[in-house]
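I have placed the structure first, in the form of C-alpha cells, so that the comments after it can refer back to it.
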Amino acid sequence: MDVFETLAALVSRFGALGATRIFFKPLAENDNSKQQVYLGGSFDVLTFFRHGTVHAEPGLKDPTFKAALDFHWVHPETVEKAAGAQLILYPRYPEVRLSGFLAGCRTAPNAHLRPIPKQDRKGVDGRVLFFGTTPDGRTLAHLAPSGSPLACEALLAQHVDAGLFKELPLTGTTAGDSKSLLIQKLREIQEMGPVPSMRLDRSGNRIPYKARNGGGYTLEALLGIRPNGDAAPDYLGWEIKAFSGNLITVMTPEPDGGFYGENGVGAFIRRHGRKVEGKDQMYFTGRHYVGKADRTTSMTLGLIGFDAASGKITDVEGRIVLIDKEGSEGASWSYSHLLTHWNRKHSSAAYVPYSSTTLELPAYTYENPVLFGERTDFSRYLRALAVGQVVFDPGSKIDGAASERPKVKARSQFRVSRKHVHALYEELTAVDVRPEQGAKNPVAGGLENFPK
C-alpha cells in the first residue's frame with residue numbers, strides 16, 4: 001500500500017483535496033475496528049467534524065446519538081470512501097467514538113486496526129490517525145503505522161494542542177490563522193466609523209436596510225456574508241454575533257415537537273399569544289427561565305432528560321420543553337435536533353459590540369472588546385439553560401391576525417447575557433482589535449472588568 005513518507009507530503013495531499021483543517025490523534029491499543037476509535041470524553045469533539053444530522057438511537061441496550069460522516073481514506077495515489085462511517089455519541093459517559101470506517105474499503109488500513117488480544121498488549125502503541133476536514137463536509141483520513149517515519153515525525157512535530165487532537169498548521173486556514181484574518185477584517189470595519197445600515201441581497205449586492213435591527217445585517221454585509229439557511233459558520237469558520245445591549249441571541253431554532261412542532265407558529269401564537277390593544281396584531285413574547293412560569297405567557301421552560309448536576313444527557317429522546325399552565329407541551333426542541341445545529345454553528349464564535357446613530361438611515365459603529373469564544377460543548381449550553389444563564393426570549397408575531405392574509409413571523413430565540421457568554425465556551429477571550437492595542441485577555445468568570 002502506498003504511504004506518505006513525510007508530514008509535509010501528507011499535509012500537501014490533504015490540502016490539494018480541499019482540507020482547511022488537519023489534526024491527528026495518537027491511538028491507544030484499544031482503538032480498533034471492534035471497540036471503535038475513541039475520539040473524546042465530551043461532545044465538543046463534534047465541532048471538529050462536518051457530520052450529518054444527529055439522530056437518537058433509543059432502543060439499544062446503551063442508547064446513543066449517531067451522525068454519519070462523509071469519510072474517505074487517503075493515500076498518495078488513491079482516495080476511497082468508507083460508506084458506513086459514523087460518529088457515535090454515548091451520553092451516559094459521555095464520550096464520542098468513530099465507527100464503520102473499514103467496511104467495504106480495499107485501501108483501508110485493516111491490518112493496523114485489528115483488535116489486539118489482552119495478553120499481547122504492551123501499554124504503548126505508536127499509531128497515528130490523521131484527519132482533514134473540508135468546507136464541503138468531507139472527512140479525510142490516513143493511518144500511520146507504529147514506527148513508521150510519518151508516525152514518528154508527527155509525534156515529534158510542533159503542533160497546536162487541541163485537547164485530545166493535535167492540530168497541524170495549514171497556511172492561511174488553521175483556526176489560529178482564521179482568527180488573525182477575522183481580527184484584521186474587524187479592525188478595518190472599525191476604522192470605517194459609522195456605517196449606513198445595509199444588507200446583502202441573494203446576489204451579494206449591498207442594499208440599504210431601513211429597519212432598526214440592522215446591526216447584524218450590516219456587519220454581515222461588510223464581511224460578505226450572504227443571507228442563507230446554511231447551518232455552517234458565517235466567516236472563515238467563525239459564527240459572527242453582533243450585539244448592542246446586554247442580551248445576545250445565541251440560537252434561533254424552531255421547535256420540532258409539541259403543539260408548535262405539530263401545528264406551526266401561527267396556530268401556536270393564536271393559542272398562547274396575546275392580542276395588541278387597538279391593533280390587529282398578536283405577539284408571543286416573554287422571558288422564559290427553566291423552572292419558572294413567565295408572567296406574560298404563564299408558560300414554563302423545562303429540560304427533560306438532562307442532569308444539570310453531572311452535566312450529562314440521561315435520555316437520548318430528551319428535549320427542551322415549553323409547558324403551558326395545563327401541563328401540556330406547547331413547544332419542544334429535541335436534543336438531537338439542537339446538537340446538530342449547535343456543534344456546526346458554534347464551535348468558534350465572535351461576539352462584536354456595536355452602537356447606533358441615525359443619519360438618513362440608521363448607522364452602526366463596531367466597537368471593542370470583541371469576544372472570541374472557542375471550543376464548546378452542547379452540555380455547556382444545557383447547563384447554562386438549567387441555571388438561568390440562557391433564556392428563551394421569543395419575538396414571534398402575527399400582523400393582520402383577523403385578515404384573510406395574515407403575516408406570520410417566527411422568532412424562537414434563545415439569549416444569553418453578556419456577562420454569561422463565558423459559560424458556553426472552554427475559552428473566552430476579549431480582544432481589542434485596534435492596531436495600537438491588540439490586547440488579548442482571557443475571561444474566566446464573566447465580563448465585569450471590561451468596558452460595557
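The values are calculated or read from the model by the stated rules, or taken from the named source; none is laboratory data. Computed from a prediction, not measured in an experiment: that's the story for all the values here. Neighbour counts run over all protein chains shown; Cβ positions are idealised from the backbone, glycine included.
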Given (1) touching a His at 6+ places or on another chain (Cβ under 7 Å); (2) at pLDDT 90 or above, identify the lone condition not met by residue 78.
(1)
Checked against (1) touching a residue at least 60 places away in the same chain (Cβ under 8 Å); (2) more than 30 Å from residue 194 (Cα to Cα); (3) not charged (D, E, K, R), residue 365 satisfies every condition except (2)
What do you reckon, is residue 89 surrounded by 14 or more Cβ atoms within 10 Å (Cβ to Cβ) and in a helix (DSSP H, G or I)?
no
In region 283-337, residues that are within 18 Å of residue 272 (Cα to Cα) and in contact with a Phe, Trp or Tyr (Cβ under 6 Å, 6 or more places away or on another chain) total 5
Among (1) modelled with pLDDT under 95; (2) surrounded by fewer than 21 Cβ atoms within 10 Å (Cβ to Cβ), which single condition is residue 339 missing?
(2)
Being touching a helix residue (DSSP H, G or I) at 6+ places or on another chain (Cβ under 8 Å) and closer than 30 Å to residue 40 by Cα is the requirement here; does residue 381 meet it?
yes
Just for region 133-154: of the residues that are polar (S, T, N, Q) and in contact (Cβ under 8 Å) with a residue 40 or more places away in the chain, which one is nearest to residue 73 (Cα to Cα)?
139
Residue check: is residue 46 within 20 Å of residue 123 (Cα to Cα) and touching a residue at least 12 places away in the same chain (Cβ under 8 Å)?
no
Quick test of your reading of the structure: residue 427 fulfils all but one of (1) within 30 Å of residue 91 (Cβ to Cβ); (2) surrounded by fewer than 19 Cβ atoms within 10 Å (Cβ to Cβ); (3) over 16 Å from the mean Cα position of the chain (by Cα). Name the failing condition by number.
(3)
If we keep just the residues of region 200-212 that are touching a strand residue (DSSP E or B) at 6+ places or on another chain (Cβ under 9 Å) and part of a loop (DSSP other than H, G, I, E, B), which is nearest to residue 245 (Cα to Cα)?
212
How many residues does region 191-209 hold that are over 24 Å from residue 434 (Cα atoms) and of a type in the set (S, T, N, Q)?
2
Residues in region 127-144 that are in a loop (DSSP other than H, G, I, E, B) and buried (at least 16 other Cβ atoms within 10 Å of the Cβ): how many?
2
Picked from region 43-79 (must be surrounded by fewer than 16 Cβ atoms within 10 Å (Cβ to Cβ) and either under 18 Å from the mean Cα position of the chain (by Cα) or not assigned by TED's automatic domain parsing to the domain that holds residue 141 (or both)), the residue farthest from residue 18 (Cα to Cα) is 53
Residues (outside any helix (DSSP H, G or I) and either outside the structural domain of residue 396 (by TED's automatic domain parsing) or in contact (Cβ under 8 Å) with a residue 24 or more places away in the chain (or both)) located in region 265-278:
273, 275
